[in-house]
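Q: Dropping a structure here in structure tokens format, bear with me for questions.
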Amino acid sequence: MDTVVSGIRSTGTLHLGNYFGAIKNFLKMQTENNCYFFIADYHALTTHPKPEDLHGNIKQVLAEYLACGIDPEIATVFIQSDVPEVSELYLLLNMNAYVGELERTASFKEKIRKQPDNINAGLLTYPVLMAADIIIHKANKVPVGKDQEQHLEMTRRFARRFNMIYDVNYFPEPDAYNFGKQLVKIPGLDGTGKMGKSEGNGVFLADTPQEIRKKVMRAVTDTGPAAQGQEPSEPVKNLFTIMNVVSDPDTVKFFTEKHASCEIRYGDMKKQLAEDIIRVTDPIRSKINDILSDNRYLSRVVSTGAEKARASASKTIREVREIIGYRSF
Ligand code: TYM
């Protein structure tokens, strides 16, 4: 049995990238493993959300995750800031994390570009907090998308370094996990880059069928293949990547062949793609509002989750303090 930890920042609503990059794998794992799923609401502070928005954002993401099928009766579902032990481990791990390696992290460099007016220390140490989230439960598998690969590599490094410094074999080195061979990167509909929350290129799980059709029909393509067998351009490849995860293999084959023989009509492909996305998201969307309106249920989920997560986290902290050399008087 594996111990699995998965998390999501409480910023914005969930999109197809979150679903196919992380959630779907977590769903497959939750029944047979020791699974922890949490809302990273400390990580969300790196972008300075307004106090009046913070709670609503957490609640929305929690409801959406539950609507996807995460079962709080089986998995431990909790809010990061309800488990203060994680901040203690974060502090302790920070002592062994070097500024140079943190500055070289791709996500930090990207943030410098994206929010030059707010390059805070929380952004720099983001991977340390993420490592604390994972190793505090001594997880060995972490279902994440491709964009988190480097953070997982750093998590392994921090775990290994702790073990080396204190000459123990305490923390396991967790792996980023996907059921397929590769970690997934779901592209956006704008022709470049990955699907993101704030990029304006995403299909959200809460989008209505009309919104999904509109977004997909507007997705960037090209003027069509000029010669038989020509490689699809980047934006068209992106549509095929999304089709690969939502449509059945015959549909993908059909449009791939149409592209290869220069007979493809992108309008037809997009219509099909939109319907296949709707088939995946519709059952989720219909549950989101019901869950959101049931505050007693949500409150029960997070308090039970916090209790279970704290039991596991406090055991780790007790042992880590012992290893580091703290003693009671
Ligand atoms: P976040 O909130 O950016 O994304 C949550 C999960 O969704 C995946 N994801 C994608 N996968 C494929 N294609 C995409 N376009 C795409 N966009 C997002 C992410 O890889 C991630 O798995 N740092 C994490 C939150 C976190 C965490 C953790 C995750 C904090 N602590 C501990 C796992 C374990 C993050 O930014 O997620």
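Q: If each Cα of the chain is one equal point scatterer, what is log10 of I(q)/I(0) from the Debye formula at q = 0.11, 0.14 Å⁻¹?
A: The calculated log intensity ratios at q = 0.11, 0.14 Å⁻¹ are -0.75, -1.14.
Q: Let me ask something else about it. Just name one of Ala226, Val216, Ile288: the one whose Cα is farthest towards the positive end of the charge dipole of the range 209-289 (beta-carbon charges, Lys/Arg +1, Asp/Glu -1).
A: After comparing all options, I get Ile288.
Q: Then there's this: Go ahead and run the numbers for FRET between Glu199 and Phe329, Cβ-Cβ distance against an R0 of 35 Å, rounding to 0.05.
A: 0.05
Q: Where in the chain lies the longest segment free of GluC sites (Glu not before Pro) that are both loop residues by DSSP (not H, G, I, E, B) and have at most 16 other Cβ atoms within 10 Å?
A: Value returned for the longest uninterrupted segment is 74-198.
Q: Where does the range 38-135 land on the Kirkwood hydrodynamic radius, alpha-carbon pairs, in angstrom?
A: Over the range 38-135, the inverse of the mean reciprocal pair distance is 14.9 Å.
Q: Using a Gaussian network model of the chain with C-alpha springs under 10 Å, which one of Gln115, Gln272, Gln30 is most mobile by mean-square fluctuation?
A: Gln115
Q: Hey, fewest Cβ within 10 Å first, where do Met217, Met29, Met95 land in order?
A: Met95, Met217, Met29
Q: Over the range 13-82, what relative contact order in percent results from Cα pairs under 8 Å that are six or more residues apart?
A: Rounded, it is 55 percent for the range 13-82.
Q: Would you mind counting up the charge near Leu54? Only other residues with Cβ under 15 Å from its Cβ, with Lys and Arg at +1 and Asp and Glu at -1.
A: Value of the local net charge: -1.
Q: Right, another one. For helix 85-94, what angle does its Cα long axis make with the longest principal axis of the chain, in degrees from 0 to 90 and rounded to 10?
A: It is inclined by approximately 90 degrees.
Q: Okay, next question. What ranking do Leu93, Leu62 get, fewest neighbouring Cβ atoms within 10 angstrom at the top?
A: Leu93, Leu62
Q: If the only charges are +1 at each Lys and Arg Cβ and -1 at each Asp and Glu Cβ, what is the size of the charge dipole of the chain around the Cα centre, to the nearest 20 debye?
A: Once rounded to the nearest 20, the dipole reads 220 debye.
Q: Kindly write out, for the range 132-144 in residue order, the coupling ³J(HN,Hα) from the Karplus curve 6.51 cos²θ - 1.76 cosθ + 1.60 (θ = phi - 60°), rounded to whole Hz, with x marking Gly and Pro.
A: With coefficients 6.51, -1.76 and 1.60, one gets 4, 3, 7, 7, 5, 9, 6, 5, 10, 10, 10, x, 9 Hz.
Q: Taking Cα centroids, how far is the range 278-308 from the range 183-216 in Å?
A: Computed from Cα coordinates, the inter-centre distance equals 22 Å.
Q: Identify all aspartates and glutamates with a Cα-Cα distance to Lys308 below 13 Å; exclude those on the same chain that are fewer than 8 residues away in sequence.
A: Straight-line reach from Lys308, under 13 Å: Glu73, Asp82, Glu85.
Q: Right, something else. Would you mind telling me which residue in Ala227, Ala139, Ala260 has the biggest mean-square fluctuation in a Gaussian network model of the chain, where springs connect alpha carbons within a distance under 10 angstrom?
A: Of Ala227, Ala139, Ala260, the Gaussian network model singles out Ala227 as fluctuating most.
Q: So who's got an amide H within less than 5 Å of the one on Asn201, skipping anything under 5 residues away but keeping other chains? H placed 1.01 Å off N, in plane.
A: The list, which skips near neighbours in sequence, is Gly196.
Q: Rounded to the nearest 20 debye, what is the charge dipole size of the range 100-205 about its Cα centre when +1 sits on each Lys and Arg Cβ and -1 on each Asp and Glu Cβ?
A: 140
Q: Another one. Given 0.36 nm per residue, what is the gain on full extension from Thr223 to Lys114 after removing their alpha carbon distance, in nm?
A: The span from Thr223 to Lys114 would gain 36.1 nm if fully extended.
Q: Debye calculation, C-alpha points only, no solvent: report log10 I(q)/I(0) for the range 100-231 at q = 0.13, 0.15 Å⁻¹, in the same order as the q values.
A: -0.76, -0.92
Q: Which whole-number percent is the relative contact order of the chain (Cα, under 8 Å, 6+ apart)?
A: 23
Q: Counting other Cβ atoms within 10 Å, which trypsin sites (Lys or Arg not before Pro) in the range 182-229 have at most 13 and lie in a DSSP loop?
A: Filter output for the range 182-229: Arg218.
Q: A further question follows. For the chain, modelled as a GNM with alpha-carbon contacts under 10 angstrom, which of Thr256, Thr192, Thr223 fluctuates the most?
A: Its mean-square fluctuation being the largest, the pick is Thr223.
Q: Ok, one more. If you stretched the chain out fully between Ala106 and Asp71, how much longer would it get, using 0.36 nm times the residue separation minus the C-alpha to C-alpha distance?
A: 9.3 nm
Q: Another question, then. Taking the range 209-289 on its own, what percent of its Cα-Cα pair distances exceed 22 Å?
A: Of the Cα pairs, 24 percent sit more than 22 Å apart.
Q: Then there's this: Any idea what the dipole of the range 209-289 comes to, in debye rounded to 20, about its Cα centre with Lys/Arg Cβ at +1 and Asp/Glu Cβ at -1?
A: The dipole of the range 209-289 has a size of about 420 debye.
Q: Something else about it: Listing Ile136, Ile212, Ile119 from the residue with the fewest other Cβ atoms within 10 Å to the one with the most, what is the order?
A: Fewest to most other Cβ atoms nearby, the residues stand as Ile119, Ile212, Ile136.
Q: 7 Å from Cα along Cα→Cβ at both Ser286 and Asp167: what's the point-to-point distance in nm?
A: A separation of 6.3 nm, rounded to one decimal place.
Coordinate-derived values only; no laboratory data. As the structure is a prediction and not an experimental result, all values here were calculated from the model. Note that we place each Cβ from the backbone using ideal geometry, even for glycine, and neighbour counts take in every protein chain shown.
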